[in-house]
Structure formats: structure tokens, C-alpha cells
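Throughout, read-outs are computed from the coordinates displayed, never taken from laboratory work. It should be emphasised that the depicted structure is a prediction, and the values quoted were computed from it without experimental measurement. Glycine gets a Cβ as well: all are built from the backbone with ideal geometry, and neighbour counts include every protein chain shown.
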Amino acid sequence: MTATAHAASAPARTDPKVVLEAKGVIMRFGGLVAVDDVDMVVREGEIVGLIGPNGAGKTTFFNCLTGMYKPTEGTVTFEGSVLPPKPRAVVKAGMARTFQNIRLFGNMTALENVMVGRYCRTSAMALTSIVRGPKFRHEEAATRQRAQELLDFVGLGRTTEHLARNLPYGDQRRLEIARALATDPKLLLLDEPTAGMNPKETQETMDLIFKIRDSGLAVVVIEHDMRFIFTLCDRVLCLVRGALLVEGSPATVQSDPRVIEAYIGTGPDAPAPTPTAERPAVSLSKEEQA
Ligand SMILES: Nc1ncnc2c1ncn2[C@@H]1O[C@H](COP(=O)(O)OP(=O)(O)O)[C@@H](O)[C@H]1O
Ligand SMILES: [Mg+2]
């Protein structure tokens with residue numbers, strides 16, 4: 001084989017392994033097509049951004065990826081296996097997420113909130129937890145230790161015994177990330193992690209996401225803050241009215257006139273591309289509301 005022929009047959013470069021592949025994902029609500037035939041690939045070590053005006057279908061797409069919704073059509077493949085559309089199976093497979101509106105157990109401590117995330121990897125729901133024998137106690141101690149490590153990792157090491165509801169807003173968002181990390185994911189999905197944050201909190205969140213990526217995870221992040229997205233991400237996808245409008249490097253997406261037009265819009269509902277000063281609602285768990 002000549003050198004030229006060899007070069008032609010070899011891949012241009014060895015891309016990292018694909019972690020997640022969504023193919024032809026469609027989500028219809030009655031007559032509304034909230035997600036319209038979207039494909040997405042996420043590779044090991046990547047930070048992928050998902051942008052688009054309000055109502056573009058970003059959260060619905062996350063819900064399809066994480067088994068919260070069963071897509072009307074399409075498949076989600078994680079590490080080579082098609083995922084069943086069930087949240088528990090998705091978490092077990094290695095995908096974790098945070099929500100646009102914080103969902104914490106307000107009356108539990110920071111540590112306990114993270115421990116809850118850990119229980120999917122233990123036999124806490126099994127007979128051992130009812131009997132509470134040595135195996136349970138050993139597991140519980142390990143869970144506690146891992147939860148503390150994760151609080152340290154996200155910078156909340158000193159809030160262990162604080163009730164989640166008393167933590168400042170930025171810390172609550174970080175706590176949610178720690179709880180997601182407690183499930184030992186390979187891929188983390190973040191839905192507007194900096195919504196309502198001040199510039200300092202936003203910068204800290206960016207640093208934390210880089211640290212998470214450096215620890216070996218792939219990350220997909222939804223955000224409206226363009227400077228945040230274009231600084232953070234290796235690749236960006238822009239959704240408009242459910243469909244993928246543009247995909248590419250931050251430089252490509254940033255300079256695409258269609259993206260600018262989608263954000264600036266022409267109608268009265270045109271969303272602002274920068275985050276609003278308003279902080280999203282913190283929704284407590286059902287138990288907390290009771
Ligand atoms: N459970 C649902 N039932 C009906 N319509 C929904 C539901 N969830 C989302 N939608 C609609 O789907 C569209 C996309 O919403 P969403 O995914 O929340 O957008 P984004 O996160 O990009 O702002 C919106 O028009 C929204 O009203
Ligand atoms: Mg959303």
C-alpha cells in the first residue's frame with residue numbers, strides 16, 4: 001500500500017469514544033413538535049453546549065435523553081447500548097442531570113442531599129437497609145465519606161451540616177451538582193446552571209465544570225449566557241423551534257447570522273440572549289412541600 005493510499009484509508013484523527021448518541025429524537029405534545037428530529041453525539045472528555053431561545057426545546061430534549069420523557073421517535077444510545085426511557089435505568093447507565101429549577105430536599109442537610117444521590121449505587125433500598133446489619137453500616141459509612149468528598153470537590157466542604165434551604169442560591173446550585181455527581185456518572189447534563197447567578201458565581205460555576213471535565217466526565221450544558229457557553233464548550237448546538245439550526249465550534253456558531261437572528265428575533269416574545277437578573281424558583285421536593 002502506498003503512503004497516499006494508507007493516508008486515505010486512515011481516519012483523519014482518532015476521535016475520543018462516543019459516550020452518548022441521540023438519533024432522530026422527536027418529542028410531540030399533541031400538535032406541538034417540541035423536539036424535531038435532533039441528533040447529538042457526545043464524546044469522552046467533551047463539554048457540549050446546547051443553546052436556543054426560550055421554548056426551543058432544550059429542556060424537553062434533556063428530558064428525552066434522561067428517560068423523563070419517552071421520545072415519540074428516535075433512540076438514545078449510551079456507551080453503545082440503547083437506553084430504555086426510564087430515569088432509574090439512565091442513572092444506572094451513567095448519566096446524571098440537574099434541573100432548570102433547583103430541586104433539593106430543603107429540610108435535609110447538604111451532606112444528606114448528596115447521600116441521597118449516592119443510594120442508587122448502594123443496596124440502601126434492599127433488605128440490608130431494613131435489617132441494618134454490618135453490611136448496611138459499612139455501606140452507610142462509605143456513602144457518607146463519598147458525599148463529604150463530593151461536597152469538598154464542589155467547594156461546599158464547610159456546609160456539611162447546613163440545611164439545604166438555608167444555603168445561598170449559588171451554593172444550592174452547586175449542591176445539586178454534587179448530588180448528581182454522587183451517582184458516579186460518566187456524563188453530566190446541566191440545565192441552565194448559572195441562571196440568576198452574579199458574575200462571580202458564574203465564573204465559579206465555569207471553573208467547577210472544567211474541573212468536572214478534567215476529572216474524566218463528559219458534560220452537556222444548556223445556557224443562555226453566550227459568553228459562558230462560548231468560553232466553556234468544545235462544541236455548541238443551537239436549537240430553534242425544536243430543530244437543530246447550527247452545530248459547530250464556538251467560533252462557528254457565534255458568528256452564524258442564523259443564530260444571532262434566532263436570538264434577536266423579530267417578534268415581541270424575542271428572548272434576551274443574556275441571563276435575566278431574576279433567580280429561578282427553588283422547588284422543594286414533594287416531601288418538603290407537604
Ligand atoms: N409536558 C409538556 N406538555 C406540553 N408542552 C410542553 C411540555 N414540556 C414542554 N412543552 C413545550 O415544548 C416547548 C419546548 O419547551 P422547553 O423544552 O421547556 O424549551 P426550552 O428549555 O428550550 O426553553 C415549549 O413550547 C413548551 O411549552
Ligand atoms: Mg428550559
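Computed over the Cα atoms of the range 1-121, what is the convex hull's projected area averaged over all directions, in nm²? Present the calculation step by step, with values, prior to reporting the outcome.
On the way: hull surface 45.4 nm².
Averaged projected hull area, Cα only: 11.3 nm².
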Review point. Between the DSSP loop rule and a limit of at most 14 other Cβ atoms within 10 Å, which GluC sites (Glu not before Pro) in the range 136-215 are left?
Key: Glu161
Practice item. Identify all aspartates and glutamates with a Cα-Cα distance to Lys186 below 14 Å; exclude those on the same chain that are fewer than 8 residues away in sequence. Key: Glu21, Glu44, Glu46, Glu79, Asp214
Study note, to complete from the structure: Checked against a 31 Å limit on the C-alpha separation, the offending pairs among Lys58/Lys135; Lys86/Lys211; Lys17/Lys86; Lys92/Lys200; Lys58/Lys92 are Lys58/Lys135; Lys92/Lys200
Revision key, fill the gap. Asp152 and Asp234 label points (each 7 Å along its Cα→Cβ direction) are spaced in nm at 2.8 nm
Check your understanding: What is the spin-label model distance, in nm, from Glu73 to Val18 if the labels are put 7 Å beyond Cα along the C-beta direction?
Key -> 1.9 nm
Check your understanding: Taking square-rooted eigenvalues a ≥ b ≥ c of the alpha carbon gyration tensor, is the range 38-87 rounded, prolate or oblate, where a/c under 1.5 means rounded and, failing that, a/b exceeding b/c means prolate?
Key -> oblate
